[in-house]
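Undergrad: My questions all concern the structure below.
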Amino acid sequence: MSPCCCLALLALVSLTLAANPGVKVILTEKAIEYGKQIGMATLLKKLKTIHIPDMAGTQDLSPIGSVKYSLTEMNIVNLGLPQSDLTLVPGTGIRLSITNAFINLHGNWRVQYLSFIHDSGSFDLELSGLTITDSFAIQNDETGRPTVRSLSCEANVASASIEFHGGASWLYNLFSSFIDTALRGALQNQICPLLADSINDMNQQLKSLNILTKVDNYAEIDNAMVTSPSISKSSIDLGLKGEFYNIGKHQEPPFYPGPFSMPPLVNNMIYIGVSEFTANSAGFVYNNAGALSLRVTDEMIPQQSPIRLNTKAFGVFIPEIAKRFPDLMVELLVKTDKMPTISFQADNVTVQASSTMTAYAVQTNGTLSPLFILNMEGSVSARLKVTGAKLSGSTTLNKFEVALGTSYVGPFQVQSFENILIIALKAFVIPKINTRLEMGFPLPAIGKMELLNTNLQVLKDCMVIGTDVRFPS
Ligand SMILES: *[C@@H]1O[C@H](CO)[C@@H](O)[C@H](O)[C@H]1NC(C)=O
Ligand SMILES: *[C@@H]1O[C@H](CO)[C@@H](O)[C@H](O)[C@H]1NC(C)=O
């Protein structure tokens, strides 16, 4: 096998491996029903724009012979779509069926016959029992966005009735069936192209969807579809990549999305399942960006704390510090030394992080002299919930262990530090995080979309956010 072939094969294998989605989106029947309401309103508007061009021609009507006619200024005066159904076709897409629709039309007529007789008036045409059926396939395009394609469209008018005003009534009978057929055809032929137009509009909007969404100054999230939508009797399931990347620098993490399944869910319109992969790709990105670091100075320690960040306080545990760096402030630099790992369990999100804490004495000229480096292993669990359109929660400390990495001030017992750090974490840090978490974070929304009845469940392997949406009209 040539090296080129090998590479292609490798690329193929890695593509297949990466094909599991990181995020799953499920649109339930409730979403389809809401989509139908919006779709029908749009279609109604569109149908009202139907323009029927003037018609003119010559028709042989016995016994008077050739009649020149024209139909002008035809306008739709009323239009209704009282019955419509949008149903899912497993494996394919969506089927729209509209029945008992009606269109009322008003126009003017004019005839000329026996070469010198003119007659004119107006007419009202009612088309009723209009049925429209259209099947759509929902697929993903080459950019990972959804697209909708019409598979078959049919429009049929069951009956038409026409009423003439003005002119000689004996003409009406001769003429009505002709007008009826001509206009019925003209209207029927416009409905499917109009639907195709609406589908085009929708695809244009889908094409402008952001696949890469900026999260903050460090990260963006890639939400391209990685599989074709799967359509069952009761839902449309989308598989999105759901991967965090450093902005402008797309490096793959050393792990892949695994398969995960979502429980049967029906109460909300939309369910978004976020995998551990997605959460961990965020950990990978923020760690790479150096965003998971914190400089702790004395000003950040609460006033009432008896422990201060200075060499005097540290000297109690390590006399060498007080001796070599008398009366100086101490600064701590905490940073993750590898990416944190996040795991989901029923009602419990656990973050396990390994980090280092370097303590510095701050010289009067500003120079930082390193004192020691501690290696810390910790695990924090969070219970998350959504109230209103806000994500909130609370955390508890599960585990915290400290070991001495390097000392620049001779050997010392780490144990005493561990206890102080745990006290500090429990007394200041965790409550502070909890206060912030309780205030909540607003959930992102798309454009003018409002989120309603939003809820969150943490399950084994994934976190599921359920929500209804509304587009204010
Ligand atoms: C959450 O899960 C972690 C890891 O499995 C466990 O150590 C912790 O006790 C759990 N917390 C709760 C509140 O269940
Ligand atoms: C700052 O002060 C320390 C201690 O007095 C000294 O060792 C260091 O060289 C000084 N640094 C600068 C840049 O002046």
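The values are calculated or read from the model by the stated rules, or taken from the named source; none is laboratory data. Bear in mind that the values here come from a model prediction, so they are computed numbers and not experimental data. Every residue, glycine among them, receives a Cβ derived from its backbone with ideal geometry; neighbour counts consider all protein chains shown.
Undergrad: For the stretch 107-142, enumerate the residues that are within 23 Å of ALA41 (Cα to Cα) and more than 27 Å from the chain's Cα centre (by Cα).
TA: GLU126, LEU127, SER128, GLY129, LEU130, THR131, ILE132, THR133 - these are the residues of the stretch 107-142 that are within 23 Å of ALA41 (Cα to Cα) and more than 27 Å from the chain's Cα centre (by Cα).
Undergrad: Output the number of residues of the stretch 29-83 satisfying the condition of being in a loop (DSSP other than H, G, I, E, B) and either touching a strand residue (DSSP E or B) at 6+ places or on another chain (Cβ under 7 Å) or at pLDDT below 85 (or both).
TA: 8
Undergrad: Also, I was wondering about something else. Name the one entry in LEU105, LEU86, LEU127, LEU71 that is crowded, with 17+ Cβ neighbours inside 10 Å, touching a residue at least 40 places away in the same chain (Cβ under 8 Å) and under 30 Å from LYS207 (Cα atoms).
TA: Numbers: LEU105 fails: under 30 Å from LYS207 (Cα atoms); LEU127 fails: under 30 Å from LYS207 (Cα atoms); LEU71 fails: under 30 Å from LYS207 (Cα atoms).
The match here is LEU86.
Undergrad: Please go through the stretch 313-337 and pick out each residue that is farther than 16 Å from LEU421 by Cβ and of a type in the set (Lys, Arg).
TA: Within the stretch 313-337, LYS323, ARG324 qualify.
Undergrad: For ASN217, are the conditions met, namely being over 28 Å from VAL77 (Cβ atoms), of a type in the set (S, T, N, Q) and surrounded by 15 or more Cβ atoms within 10 Å (Cβ to Cβ)?
TA: It is false that ASN217 is over 28 Å from VAL77 (Cβ atoms), of a type in the set (S, T, N, Q) and surrounded by 15 or more Cβ atoms within 10 Å (Cβ to Cβ).
Undergrad: Same structure, new question: For the stretch 370-428, how many residues are hydroxyl-bearing (Ser, Thr, Tyr), over 35 Å from the mean Cα position of the chain (by Cα) and surrounded by 14 or more Cβ atoms within 10 Å (Cβ to Cβ)? Step through it out loud before you land on a result.
TA: Step one: filter the stretch 370-428 for residues hydroxyl-bearing (Ser, Thr, Tyr), giving 379, 381, 387, 392, 394-396, 406-408, 416.
Still in the running and over 35 Å from the mean Cα position of the chain (by Cα): 406-408, 416.
Now drop any that are not surrounded by 14 or more Cβ atoms within 10 Å (Cβ to Cβ), which leaves 407-408.
Final tally of qualifying residues: 2.
Undergrad: Could you count how many residues in the stretch 394-429 are assigned to a strand (DSSP E or B) and either on the phi > 0 side of the Ramachandran plot or away from ligand 1 (no atom under 16 Å from the Cβ) (or both)?
TA: 6
Undergrad: Next question, about the same structure. Anything in the stretch 274-306 that is in a helix (DSSP H, G or I), closer than 30 Å to ILE221 by Cα and among the aliphatic types (A, V, I, L, M)? List them, or say none.
TA: ALA279, ALA282, VAL285
Undergrad: Looking at the stretch 333-359, which of its residues are more than 16 Å from ligand 1 (Cβ to nearest atom), hydroxyl-bearing (Ser, Thr, Tyr) and touching a Ser or Thr at 6+ places or on another chain (Cβ under 6 Å)?
TA: Passing the criteria: THR336, SER355.
Undergrad: Let me ask another. Taking the stretch 158-171, which residues are buried (at least 17 other Cβ atoms within 10 Å of the Cβ) and free of Cβ contacts under 8 Å to residues at least 40 places away in the same chain?
TA: ALA160, ILE162 - these are the residues of the stretch 158-171 that are buried (at least 17 other Cβ atoms within 10 Å of the Cβ) and free of Cβ contacts under 8 Å to residues at least 40 places away in the same chain.
Undergrad: Would you mind finding the one in LEU328, LEU332 that is in contact with a helix residue (DSSP H, G or I) (Cβ under 6 Å, 6 or more places away or on another chain), surrounded by 17 or more Cβ atoms within 10 Å (Cβ to Cβ) and outside the structural domain of GLY283 (by TED's automatic domain parsing)?
TA: Result of the check over LEU328, LEU332: LEU328.
Undergrad: Are any of the residues in the stretch 344-352 of a type in the set (Gly, Ala, Ser) and touching a helix residue (DSSP H, G or I) at 6+ places or on another chain (Cβ under 7 Å)? Before the answer, list the steps.
TA: Initial filter on the stretch 344-352 (of a type in the set (Gly, Ala, Ser)): 346.
Filter once more, so that each one left must be touching a helix residue (DSSP H, G or I) at 6+ places or on another chain (Cβ under 7 Å): none.
No, there is no match, as no residue in the stretch 344-352 is of a type in the set (Gly, Ala, Ser) and touching a helix residue (DSSP H, G or I) at 6+ places or on another chain (Cβ under 7 Å).
Undergrad: If only one of PRO53, PRO90, PRO63 is within 29 Å of MET463 (Cβ to Cβ) and assigned by TED's automatic domain parsing to the domain that holds HIS106, which one is it?
TA: PRO90
Undergrad: Here is a further query. Kindly indicate whether any position in the stretch 273-291 is farther than 27 Å from SER379 by Cα and crowded, with 20+ Cβ neighbours inside 10 Å.
TA: No.
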